[in-house]
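The values are calculated or read from the model by the stated rules, or taken from the named source; none is laboratory data. All values reported here derive from a predicted model rather than from experimental measurement. Here the Cβ positions follow ideal geometry from the backbone for every residue, glycine too, while neighbour counts run over all protein chains shown. Accessible surface areas use protein heavy atoms only, side chains included; no ligands, DNA or RNA. Shrake-Rupley method; radii C 1.70, N 1.55, O 1.52, S 1.80 Å.
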Amino acid sequence: MNGPPITAKSTERAAPRCAATVGLCLYASIAIAGIADLAGNAVAFSRVESVETLLLWLALGSFVALPAAACAMGLSLALPRRSPSGVAAVVLWAVLQSGILLALKAGWFGVPIALVLSGGLGLASARLARAADPLAAVRTACILLLLASLPAAAIVSLFRPGYGAAGPARARAGEGGERPNVVLIVLDTLRADHLGAYGDPRGLSPGFDALAARSTLYEEAFATAPWTVPSHASLFTGLHPRTHGATCEHHRWLDDRFTTLAEALGERGYETAAFSANHYLLEANLAQGFGLYRPIGERFETLWIRPFLEVLGIPAKWADHGAAEGVEAVERYLGERGATAAPLFLFVNLIEPHWRYLPPLADRRAFLPEDLGVARATLISLDVYGPLLMAGKQVGGPVEAAVRALYAAAVRYQDRELVRLVEAIDAHLDPARTLLVVTSDHGENLGECGRWDHVFAVNDHLIRVPLIVRYPPVFPAGKRIAGLCQLVDVPATIAELVPGTRLGEKIAGRSLQPDRFEPRSFIVAAGDPYYGHLERMANVAGFQRDVGELARPLLAIRSREKKLVLNGRGEPRLVAIARDRDEALDVLGQEPEAAGELARDLEKWLSEVPAYVRENASGATSLTREALERLQRMGYAGK
């Protein structure tokens, strides 16, 4: 193709056009891929999350397109030759760029190789896309293609897949509507002492507090374990970890031979549905019995952009652990469920106060000290990992301030989502005929006595949990009940209110009904060492001291005044709870009689509560690579 002679001036004029075309083409292809990615995952997104995700894609487009455009300009100036195949080259380049994204998603290679290939394509296109008319045509085509993709994505998002009825579709003949709906909400990792209803003065939980005023509140409720799997297993079976064995001491799943609340209610004709932001429940076989089990908070798990975010050090869950998505999913499920004669058992797990502590920006700002900005606190939260802080890593004032403030902010954000969730439930399930239980599986240590996260301890910051029950026919509004109780009492109470519900024969729970409530003289909680954390503490933090004290199982027996803790070697420690809230001092030498009384109670308890017997390891599953990666991102598994 003959054209006007190429001069230095014409080259200088063509170079910016060439760079703009390359940059625009790359930016458009990434933006289009982002819109397609968003549309393909529309069912897992709330509106706010959709906007957030699209902005991430556009930011990624700028991150890749601007350097490519700069390279294109430099190469255009260095190689002042014109090619007749500009349009064809750029179109081919856009197709190949899309292929790189697809190959990345398929796992053929990693992000570094993808970035190198993308940059190489940008440089190669700079040599070919030089003619003036083809450049204008390519720019116009990219703009039109980008604009055409926006309404296409909107149309796709309108046709989101819904949910069919889960579990038994109708009640059995002769079983009327006397059985209540049952809704169990677990606010994962929530400390009771961060709620206004339990004495916190900061106003973090107006929604929970208002719900508590319409419910019966238990002032001294305790989990059976300080972490997810054994605590949920107890909540679902009514058994202590000593009996169900879903601990690190044996394995991290619940055997099929144990009957869960979902299985027992399913046999009574209930539909059973679960929406959980804690992915460990599915991996630990705690989904057994649910006709519908929907993981939430996984929107980045299926997105093509996730590998880029990980390489850039951006957490996949950077502003929400799934609460917004979960509330929308539950509301959509209840709306599409329609009228049915079968009662519903609905389980929802929200996990906003769990590490990492990254609630939405507005909440982060609200609770930070004046001398600690949002950006700095966010960077601290990204770098903080509780077990490593316990390994002897130096912790300064800003770290503690940031973690505590962001945890409080996460509690506040989750509280807003709890309000939305309960409103959605009440809109579809008659509150007068729905038994609503709101609790937590464990709390979180926030630097008290050098403890962080929810490992290697059984202090009250971990095992004391909120518990409210709303069911107007049985549980009076505004009633507060003092006295010790445990999460094993929840399934026992539900089974009592749904006659004919058959849990295991050896359940440890007792009734929470106010007119039948008998407070426990003591509660027992078991903590087992999480070896993945110990490995990381050694490898990453240079953990040199003896790990023996952390690598031992813990067993605690707690009365209203005292707590006796035994480690794996039977070494006792006594804490005076009433005057030592952080459990910093061992008073065993000063009060041996109190320790002896608790020790005798514990010995009797151990003789009465059956120990787990490993049979055929039913329910055991090998973790897939994807499942292991999910648990690593939540901080549960070592890398």
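At-a-glance table
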| quantity | calculated |
| --- | --- |
| Tally of residues being surrounded by 24 or more Cβ atoms within 10 Å (Cβ to Cβ), within 16 Å of Asn278 (Cα to Cα) and of a type outside the set (A, V, I, L, M) across the range 217-233 | 5 |
| Flag if Arg214 is open to solvent by 50 Å² or more (accessible area, probe 1.4 Å), of a type in the set (Lys, Arg) and modelled with pLDDT of 95 or more | yes |
| Some residue of the range 506-521 being part of a helix (DSSP H, G or I) and either at pLDDT 95 or above or of a type in the set (S, T, N, Q) (or both) | no |
| Selection count where residues are within 23 Å of the chain's Cα centre (by Cα) and at pLDDT 85 or above, scope the range 383-412 | 14 |
| So Asp426, is it out of contact with any helix residue (DSSP H, G or I) (no Cβ under 7 Å at 6 or more places or on another chain) and either assigned to a loop (DSSP other than H, G, I, E, B) or farther than 30 Å from Val609 by Cα (or both) | yes |
| Checklist (1) surrounded by 15 or more Cβ atoms within 10 Å (Cβ to Cβ); (2) on the phi > 0 side of the Ramachandran plot applied to Gly500, failing item | (1) |
| Some residue of the range 480-489 being part of a loop (DSSP other than H, G, I, E, B) and open to solvent by 10 Å² or more (accessible area, probe 1.4 Å) | no |
| Hits in the range 455-464 (condition: in a loop (DSSP other than H, G, I, E, B) and either open to solvent by less than 10 Å² (accessible area, probe 1.4 Å) or among the aliphatic types (A, V, I, L, M) (or both)) | Val455, Ala457, Val458, Asn459 |
| Residues that are over 12 Å from Thr259 (Cα atoms), surrounded by 22 or more Cβ atoms within 10 Å (Cβ to Cβ) and small (Gly, Ala, Ser), drawn from the range 285-299 | Gly297 |
| Qualifying residue in the range 396-403 (condition: in contact with a helix residue (DSSP H, G or I) (Cβ under 9 Å, 6 or more places away or on another chain), in a loop (DSSP other than H, G, I, E, B) and open to solvent by 10 Å² or more (accessible area, probe 1.4 Å)) | no |
| Any hit, the range 529-536, residues being open to solvent by less than 20 Å² (accessible area, probe 1.4 Å), in a loop (DSSP other than H, G, I, E, B) and in contact with a helix residue (DSSP H, G or I) (Cβ under 7 Å, 6 or more places away or on another chain) | no |
| Residues being on the phi > 0 side of the Ramachandran plot and at pLDDT 90 or above - total across the range 549-600 | 1 |
| Qualifying residue in the range 420-434 (condition: in contact (Cβ under 8 Å) with a residue 12 or more places away in the chain, surrounded by 24 or more Cβ atoms within 10 Å (Cβ to Cβ), touching a Gly at 6+ places or on another chain (Cβ under 9 Å) and more than 27 Å from Arg579 (Cβ to Cβ)) | yes |
| Ile468 surrounded by fewer than 22 Cβ atoms within 10 Å (Cβ to Cβ), in a strand (DSSP E or B) and of a type in the set (A, V, I, L, M, F, W, C) | no |
| Residues within the range 254-264 that are surrounded by 21 or more Cβ atoms within 10 Å (Cβ to Cβ) and farther than 15 Å from Pro491 by Cβ, tallied | 1 |
| Flag for Ala377 being under 19 Å from His461 (Cα atoms) and in contact with a Leu (Cβ under 8 Å, 6 or more places away or on another chain) | no |
| Selection count, the range 245-273, where residues are under 21 Å from the mean Cα position of the chain (by Cα), modelled with pLDDT under 95 and in a strand (DSSP E or B) | 2 |
| Among the candidates Asp209, Asp200, residue that is in a loop (DSSP other than H, G, I, E, B) and of a type in the set (D, E, K, R) | Asp200 |
| Condition check for Ile380: modelled with pLDDT of 85 or more and of a type in the set (Val, Ile, Thr) | no |
